[in-house]
Amino acid sequence: MARIVESNFGETPFQRLLGHNKDIMEGWSQLGNVLEKDGKLTAKLKEQVRRTLAQSNGCEYCKAKGKPDPAQFDEKTSVAVGFAEVFLYQKGEIADSTFNVLREYFNEEEISELCAFISFTTASQYFGAMMKLKPENKQ
């Protein structure tokens with residue numbers, strides 16, 4: 001069971017934990033919906049990044065959705081996942097040389113979206129970890 005009781009608002013256990021403040025839940029969900037769909041980067045690439053982050057960010061609910069699947073990786077996905085791994089290890093202290101590698105595969109808009117996605121996803125996964133959110137079948 002999570003650390004707090006789920007509210008009556010939201011469609012998922014995660015949303016119901018945020019649903020104690022509907023404005024936060026709705027805003028968070030809206031941004032999540034924008035970031036997870038195809039944008040400058042594909043949803044498929046971002047899902048592999050999300051799975052990579054979930055393995056280290058401590059949220060059992062997020063981990064339960066699966067590990068990264070290398071069979072789904074193309075060159076850009078491999079670089080994005082590698083960047084996520086660097087982020088996990090170094091947090092905000094990412095070297096300029098790492099961004100130089102990103103620039104070989106991604107344009108400025110894609111780099112911005114990737115960094116926003118990693119930041120938002122990490123915040124979501126930290127929230128799940130803080131709340132001890134478990135997969136639905138284990139609550």
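A compact table of results
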read-out: Matching residues, segment 41-71, being within 19 Å of Leu114 (Cβ to Cβ) and over 16 Å from the mean Cα position of the chain (by Cα); value: Pro70
read-out: Among residues of segment 10-32, those that are in contact with a helix residue (DSSP H, G or I) (Cβ under 8 Å, 6 or more places away or on another chain) and loosely packed, with under 15 Cβ neighbours inside 10 Å, counted; value: 2
read-out: Scan of segment 21-51 for residues that are β-branched (Val, Ile, Thr) and farther than 15 Å from Asp74 by Cβ, ordered by number; value: Ile24, Val34
read-out: Where Lys44 falls short, out of the listed (1) surrounded by fewer than 20 Cβ atoms within 10 Å (Cβ to Cβ); (2) in contact (Cβ under 8 Å) with a residue 12 or more places away in the chain; (3) farther than 28 Å from Pro13 by Cα; value: (3)
read-out: Selection within segment 83-96 - buried (at least 16 other Cβ atoms within 10 Å of the Cβ) and small (Gly, Ala, Ser); value: Ala84
read-out: Pairs where the first residue, in segment 52-63, is in contact (Cβ under 8 Å) with a residue 12 or more places away in the chain and the second is among the hydroxyl-bearing types (Ser, Thr, Tyr), C-beta under 7 Å, 6+ apart; value: Leu53/Thr121; Leu53/Thr122; Asn57/Thr122; Asn57/Tyr126
read-out: Meets criteria (surrounded by 16 or more Cβ atoms within 10 Å (Cβ to Cβ) and closer than 30 Å to Gly19 by Cβ) for Ala64; value: no
read-out: Residues located in segment 77-103, provided they are in contact (Cβ under 8 Å) with a residue 24 or more places away in the chain and of a type outside the set (Phe, Trp, Tyr); value: Thr77, Val79, Ala80, Val81, Ala84, Glu85, Leu88
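Values in this text are rule-based calculations from the coordinates and carry no lab data. Here the structure is a predicted model, which means the values were calculated and not measured. Note: ideal-geometry Cβ built from the backbone for every residue, glycine included; neighbour counts use all protein chains shown.
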